[in-house]
Amino acid sequence: MRIVKEKVKERIYEKNLKDLFRQTFGRRAEMLKKLKGDGSARQIYRMVSGKITVVGVYGPDKLENRAFLEFSKHFRKLNLPIPEIYAENRDKQIYLEEDLGDVTLFDYLTIARKDSGFPKKAEKMYKKAISYLPQFQLRAMKGFNLNYCYPRRSFDRQSILWDLNYFKYYFLKLANIPFNEQKLESDFNVFADFLLQADREYLLYRDFQSRNIMIKNSSPRFIDFQGARGGALQYDIASLLYDAKADIPYKVRKELLDFYLRQLSKYIPVNVKKFMDFYPAYVYIRIMQAMGAYGLRGFYEGKTHFLESVPYAVKNIEYLLTHSREFPVRVPHLMRVFRNIVDSSRLRQLGKAKLGLTVRIQSFSYRSGIPSDERGHGGGFVFDCRALPNPGKFAAYASLSGKDAQVAEFLERRKEVGDFLRHVFELIRRTAENYLKRNFSDLMVSFGCTGGRHRSVYCAEKLGQYLGKMKNVNVEIRHLGMEPPP
């Protein structure tokens, strides 16, 4: 019965859209093709008559429709690249807009890349898109009527708590991630207080991500901005760079973030330190909002293709935990929840994601003690190199390190060094292959010796060279014994 009612409703939407098309263009729409939805309740159609092709939309929420249509008028006055609105009937909750084709920025990236990486062609297109972001955030804020914003005028405390609870109830509960309700609520309030300390007098696009950026005639065009409101600058660039399935390499994310800050500085003075103080927190809340959507659409509504993004979101959280500086406010239970997500083998293996593996290799001196993995999983391997011949005992090598050719030649002449490394390589290779299959994306390997300069450094460098030849393995190397004291 429910299915029959939905079909009847769809026929009404289609008739109304056809009538609006005829009124606007003086001809009948010859074809009405329903387009794949974006996760919202809107009904979207491609309508064609001869050389005329438009997109017809029925939106069940009148206030959301009003926001989109009013914002469209404002953005068009500023010559921002958004679709033209040809006609609207707000009583029937329909409108006709420019057809921008089928290629999103996400599609463009997928076509451009082969197995992995981030080709220059894609980077160039991302920069084109990013160059428009400050115009939305700053130029468009002038004369922008916040009264049309829906459901809130700004990304305020209420908006933040809605997103946090969306994450809690639709992702954490449905994914069976354990948490203490009261402790998590307390951390949510602390977290919200911190986010609200950022400058928030800018326009927040709200859903600035690769599937909401169309590519037409080699240029970006922007859609789905009906959630725009007042807010902080950090949120939108975080949305784009941590867009889960786009899986942008982290080095490229930094380059794109730097590019955004340079573009932003063309409009206002930018305090980079102040911006970065808040940036990781806005990355976290954007990821949580997205995971709430994955949970609602995937776990609750049974649209399993939404769950394909979950492993990439887990990977992003893991990266933040292992690479971001210490969080500026204390939210211990929220951090524990993130670690519970990262430790979930089941979440990593949803869909067909291939996350790749980062192996963090470090050398250290036993005089300083075995380093802990405070930002990772607390696991990995520690290899003791003190049984190997020590070049540091000889004056010719004392001032050198394991990265120098003379030290490498000294160690390579010793059979026991080669035997040691062969066993290490085999063990780490097997572990890396297992992690890749299970979508575990972080592994730490440490080498220690007496001074932390010769044997451990050499072994760390050799393992890095060996693993660098493995597909989908990224290597990071640190030599703790050679770093200046903090």
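Just a few scattered comments:
- Computing Rg and the Kirkwood Rh from the Cα coordinates of the stretch 56-215 gives a ratio, Rg/Rh, of 1.01.
- Ascending count of other beta-carbon atoms within 10 Å, so fewest first, for Ser344, Ser399, Ser72: Ser399, Ser344, Ser72
- Built amide H within the under 5 Å cut-off of Ser154, gap 5+: Gly230
- The stretch 2-98, Rg to Rh (Cα coordinates; Rh as Kirkwood inverse mean 1/r): 0.97
- For the stretch 128-159 and the stretch 2-35, distance of Cα centres in Å: 32
- Rounded to 0.05, the FRET efficiency of the Ser218 and Ala396 pair, given R0 = 45 Å and the Cβ-Cβ distance, is 0.15.
- With neighbours defined as other Cβ atoms within 10 Å of a residue's Cβ, the residues Val359, Val48 order from fewest to most as Val48, Val359.
- Residues in the stretch 48-80 reached by a label modelled at Trp162 [backbone nitrogen below 20 Å; 7 Å Cα→Cβ]: 59-72
- If the convex hull is drawn through the Cα atoms of the stretch 357-482, its volume per residue in Å³: 94
- Applying a 4.7 Å Cβ-Cβ cutoff to the chain leaves Cys149, Cys459 as cysteine residues with no disulfide-compatible partner.
- Residues Asp102, Asp442, sorted so that the one with the fewest Cβ neighbours within 10 Å comes first: Asp102, Asp442
- Rounded to the nearest 500, the helix-only mean residue ellipticity at 222 nm of the chain stands at -14000 deg cm²/dmol, with each DSSP H run of n ≥ 4 adding -39,500 (n - 2.57).
- Were the residues from His423 through Gln182 laid out at 0.36 nm apart, the gain over their Cα-Cα distance would be 81.9 nm.
- The stretch 414-484 and the stretch 268-292 have Cα centres separated by 33 Å.
- For the stretch 2-98, with +1 on Lys and Arg beta carbons and -1 on Asp and Glu, the positive-most of Gly26, Pro60, Ile12 along the dipole: Ile12
- Matching label, Cα extents along the principal axes in Å computed from the structure shown, candidates [x] 85, 57, 55; [y] 71, 54, 44; [z] 91, 48, 44: [z]
- Placing unit charges on the Cβ atoms of the charged side chains and taking the dipole of the stretch 105-348 about its Cα centre, the candidate lying farthest along the positive direction among Asn176, Asn212, Phe299 is Asn212.
- Spatial separation of Cα centroids for the stretch 299-377 and the stretch 60-107, in angstrom: 38
- Placing +1 on each Lys and Arg Cβ and -1 on each Asp and Glu Cβ, with no other charges, gives the chain a dipole about its Cα centre of roughly 1060 debye.
- Extension gain for the segment Leu196 to Asp19, taken as residue separation times 0.36 nm less the Cα-Cα distance, is 59.1 nm to one decimal.
Read the figures in this text as sums done on the coordinates, not as results from a lab. Given the structure is predicted, the values throughout are model-derived calculations rather than measurements. FYI the Cβ positions are ideal-geometry reconstructions off the backbone, even for glycines, and counts take in every protein chain you see.
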